[in-house]
Amino acid sequence: MKKGKVIKKPIVSLDIGHKYIKAVVGKYADGHLKIMNAFIFETPMLSIENGRINDMNALISAISKELGNKNIKKGFMNVTYNANDLIERELILPGANPDELKEMVKYEVQQYLPIDIEKYVLQYKIAQEIVEDSHNVLKILVSVIEKEIVESYMDLIRKLGFKPYRFDVHSNSVDKIISLLMKNPECSFKDKTIAIIDIGHKTTNISLFEKGVFQMSQEMEYGGQNMDVLLEERMGFSRKDAIELKEKIYNLTIYGDENNLTNLPKRAIIDSLSEGTREIHSVFRYYASNKEDSMVEEVIICGGVSYLNGVESYLSSVFNLPVKRIGEYSDIGKLMPGVDVENCINAIGAIISRE
């Protein structure tokens, strides 16, 4: 997450999930982001488990095929990562020069986490300069990732014939998107506390921002797969039929008899969503309890489940807050016209360099 060399040439950015691989080709130079291509394809079955590469050859074959079909040449490549074993922590440290700060971060992590620090990669960023007890201190956000995981992705990039450029994490990718949008004086959430909820296939990531400043990130084990399983159980469908039915539902609102065959799948999806929203509510309450006079004011959703018809209306009624898909914001549309932002937001953010 520290600043690195800025490459002004197009970069291929990959977000490799359990179900889909999101690929984006774009470049970031002089404060401007340009997306040339964005596409999604299925992750080979069992090739990824909780972010770890299980089948390198299957991934190489699938990614090479898609890049070849899009006539994407060799060059630099990013990977943005998220998994249950990614450790993210907030540290409050005194101001220091970069070398001293690096050593302080390493020391603090060693004190609080029971790990062999030599087997991990530390990424950190200064989120905010704050005054605490009349002293200026730094709010540092740290990500701790096993070296073995990072090296496996770097190896994947090299075997694909590309040059590794950056290994990012989802929370940092989203933070860079928000920071870019905040440069627009007319940004609609400039003075608000917002929650970005990324609902994927197996997991959901919640990132909170106050006036554009990243506050915290929380991952939970809930996603579109939970809906598929419940539809299978209640409707007696195969997984494939359950997914197709879910995608065809026009509106999640229940009309009339809940036992009506038309309403049964809606009821299953709503019951599944209720499971997820309870956990999201707990994150909101935790944040409010630790930040005096600061409540979430707006919710932005992305990820595969955000495409479910009527999901934003349902979530708005549950949270009693405005809820929008991230692609609905005019700020996003102007930056990335025609791009599948909901699914590709993390891969897009990984292209941006901090200035």
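The values are calculated or read from the model by the stated rules, or taken from the named source; none is laboratory data. Being a predicted model, the structure only gives us computed values, none of them experimental. Neighbour counts are summed over all protein chains in view; Cβ atoms, including those assigned to glycine, are modelled from backbone coordinates with ideal geometry.
Take the conditions over 23 Å from residue 32 (Cα atoms) and surrounded by 16 or more Cβ atoms within 10 Å (Cβ to Cβ) and apply them to residue 180. Does it pass? Full working, then the answer.
Numbers: over 23 Å from residue 32 (Cα atoms): no; surrounded by 16 or more Cβ atoms within 10 Å (Cβ to Cβ): yes.
Considered against the rule, which asks whether it is over 23 Å from residue 32 (Cα atoms) and surrounded by 16 or more Cβ atoms within 10 Å (Cβ to Cβ), residue 180 comes out as no.
Could you please let me know if residue 228 is outside any loop (DSSP other than H, G, I, E, B), more than 25 Å from residue 298 (Cα to Cα) and touching a residue at least 60 places away in the same chain (Cβ under 8 Å)? Taking the combined requirement at face value, the residue does not satisfy it.
For segment 87-114, residues that are assigned to a strand (DSSP E or B) and under 26 Å from the mean Cα position of the chain (by Cα) total 6.
Of all the residues that make up segment 173-198, how many are under 17 Å from residue 322 (Cβ atoms), out of contact with any strand residue (DSSP E or B) (no Cβ under 6 Å at 6 or more places or on another chain) and of a type in the set (A, V, I, L, M)? Of the residues in that region, 1 qualify. Would you check if residue 127 is in contact with a Lys or Arg (Cβ under 8 Å, 6 or more places away or on another chain) and of a type in the set (Gly, Ala, Ser)? Here the answer is yes, as residue 127 does meet what is asked. The set of residues in segment 24-43 that are touching a Cys at 6+ places or on another chain (Cβ under 8 Å) and surrounded by 20 or more Cβ atoms within 10 Å (Cβ to Cβ) comprises 24, 38. Look through segment 249-283, keep the residues that are of a type in the set (Lys, Arg) and at pLDDT below 90, and return whichever of them is surrounded by the most Cβ atoms within 10 Å (Cβ to Cβ). Once the filter is applied, the top-ranked residue is 266. Cβ-Cβ distances below 7 Å connect the following pairs, each with a first residue in segment 278-307 that is touching a residue at least 60 places away in the same chain (Cβ under 8 Å) and over 16 Å from residue 205 (Cα atoms), a second residue that is among the small types (Gly, Ala, Ser) and outside any loop (DSSP other than H, G, I, E, B), and a separation of six or more residues or different chains: 294/288; 295/288. Scanning segment 86-145 for residues that are modelled with pLDDT of 85 or more, among the hydroxyl-bearing types (Ser, Thr, Tyr) and surrounded by fewer than 18 Cβ atoms within 10 Å (Cβ to Cβ) turns up just one, 107.
Scanning segment 128-177 for residues that are more than 28 Å from residue 198 (Cα to Cα) and assigned to a strand (DSSP E or B) yields 130, 131, 132, 135, 136, 137, 163. Here residue 73 meets the list (1) among the charged types (D, E, K, R); (2) under 28 Å from residue 212 (Cβ atoms); (3) surrounded by fewer than 18 Cβ atoms within 10 Å (Cβ to Cβ) almost entirely, failing just condition (2). Screening residue 50 with (1) surrounded by 19 or more Cβ atoms within 10 Å (Cβ to Cβ); (2) under 30 Å from residue 124 (Cβ atoms) gives one miss only, at (1). Checked against the criterion of being β-branched (Val, Ile, Thr), within 26 Å of residue 183 (Cα to Cα) and without any contact (Cβ under 8 Å) to a residue 60 or more places away in the chain, segment 22-34 contains one or more residues that satisfy it.
Of everything listed in (1) surrounded by 13 or more Cβ atoms within 10 Å (Cβ to Cβ); (2) modelled with pLDDT under 90; (3) of a type in the set (Gly, Ala, Ser), the single unmet condition for residue 13 is (2). Before we move on, is residue 225 surrounded by fewer than 22 Cβ atoms within 10 Å (Cβ to Cβ), touching a strand residue (DSSP E or B) at 6+ places or on another chain (Cβ under 7 Å) and closer than 21 Å to residue 311 by Cβ? Considered against the rule, which asks whether it is surrounded by fewer than 22 Cβ atoms within 10 Å (Cβ to Cβ), touching a strand residue (DSSP E or B) at 6+ places or on another chain (Cβ under 7 Å) and closer than 21 Å to residue 311 by Cβ, residue 225 comes out as no.
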